[in-house]
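Novice: Have a look at the structure that comes next, please.
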Amino acid sequence: MTSREAAVVEAVTDTWARLRGTARGAGVVPALTELRAAVCAGALPCGPGGHALVPTAVADGCDVAWANGRVVPRAADREDVLTEITVSGGALVALRTRGEALPDAPEAPVRAWTLGLAWVRLGLSDRLMDACMVYLGGRTVGGGTLLNQQMVKGALAEVAIEHLEIETMLGGAAPGDLDDAAVAHLHAQITRADRMLLRLLGASGFLADGPGQIARVSELLADVYVGHAPERGSR
């Protein structure tokens, strides 16, 4: 790798790491807004099925959309608003576009988006872990907190290992370095870690406005933009 290539990889990696920090500290709306600005400013990123899940302000400010991997003009009569999800810090809107890609339309930066989205989702998983620590630290059983229970500590350690494995795979990777299957498996691993954390939250993880909402929105993002990957074994 030349020094120029190394500098490009370092710049991209720094961008992804910032996305993780934004997602962990500020939530999904600022993180997705930052990702869109870095990868496809001015465009509505759609998944392979033509669906999008983005902050409302992002959807309102896009003149073009992705369609079948291409950037095409948006048309109001070719879009359906499916639902709006209120989250901490704002709202996300789910859309479906039926626009047709023109033969000479530029390619959409799909791989950059899905790689950056993995960093966003890892940050959201960090945020969910933080919420778990607060929840478990405030619940008592047998004179101690749930956080000090051996089984709970073991489960948290397992999630931490998952996070470390994901970070190791993502670290230093530029768009295109990992094939689509590898990125899909990383997204599946993030989903698996989130589900492990949800079990630790008990009933609070199922509340519409509770910490479990982080995991549900994160998994929905993966469904929209990546789809499902077959599991490479289970823990």
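Novice: What does the accessible area per residue of the chain come to in Å², with a 1.4 Å probe and no ligands, DNA or RNA counted?
Specialist: Ligands and nucleic acids excluded, the figure is 49 Å² per residue.
Novice: Quick one: ranking Tyr225, Tyr135 by accessible area, 1.4 Å probe, largest first, what do you get?
Specialist: Reading off the accessible areas and sorting them downward yields Tyr135, Tyr225.
Novice: By the gyration tensor of its Cα atoms, with a ≥ b ≥ c the square roots of the eigenvalues, what is the shape of the stretch 38-149: rounded for a/c under 1.5, prolate for a/b over b/c, or oblate?
Specialist: Note, shape of the stretch 38-149 comes out prolate.
Novice: I would also like to ask the following. With r defined as the distance between the Cβ atoms of Ala75 and Glu165 and R0 fixed at 41 Å, what FRET efficiency is calculated, to the nearest 0.05?
Specialist: 0.45
Novice: To continue, here is another question. Hull surface divided by four, with the convex hull built on the Cα atoms of the chain: how many nm²?
Specialist: Value for the chain: 14.0 nm².
Novice: Rg and Dmax of the stretch 56-105, Cα atoms, in Å?
Specialist: According to the Cα coordinates of the stretch 56-105, Rg and Dmax are 12.2, 40 Å.
Novice: Going by a ≥ b ≥ c, the root eigenvalues of the Cα gyration tensor, does the stretch 145-222 fall in the rounded group (a/c under 1.5), the prolate group (a/b larger than b/c) or the oblate group?
Specialist: Details: a/c = 3.37, a/b = 1.58, b/c = 2.14.
Since a/c reaches 1.5 but b/c is at least a/b, the shape of the stretch 145-222 is classed as oblate.
Novice: Percent of accessible area on the chain owned by carbon and sulfur, 1.4 Å probe? Don't skip to the end; give the middle numbers.
Specialist: Values: 6470 of 11570 Å².
So the carbon and sulfur contribution to the accessible surface is 56 percent.
Novice: While we're on this one: What spacing in nm lies between the two simple spin-label points modelled at Met133 and Gln149, each 7 Å away from Cα in the Cβ direction?
Specialist: Simple spin-label model gives 2.0 nm for this pair.
The values are calculated or read from the model by the stated rules, or taken from the named source; none is laboratory data. As the structure is a computational prediction, the values presented were derived from the model and not from experiment. All Cβ positions, even for glycine, are placed from backbone atoms using ideal geometry, and neighbour counts span all protein chains on display. Each accessible area value is taken on the protein alone, full model and side chains, heavy atoms only, with ligands, DNA and RNA left out. Shrake-Rupley method; radii C 1.70, N 1.55, O 1.52, S 1.80 Å.
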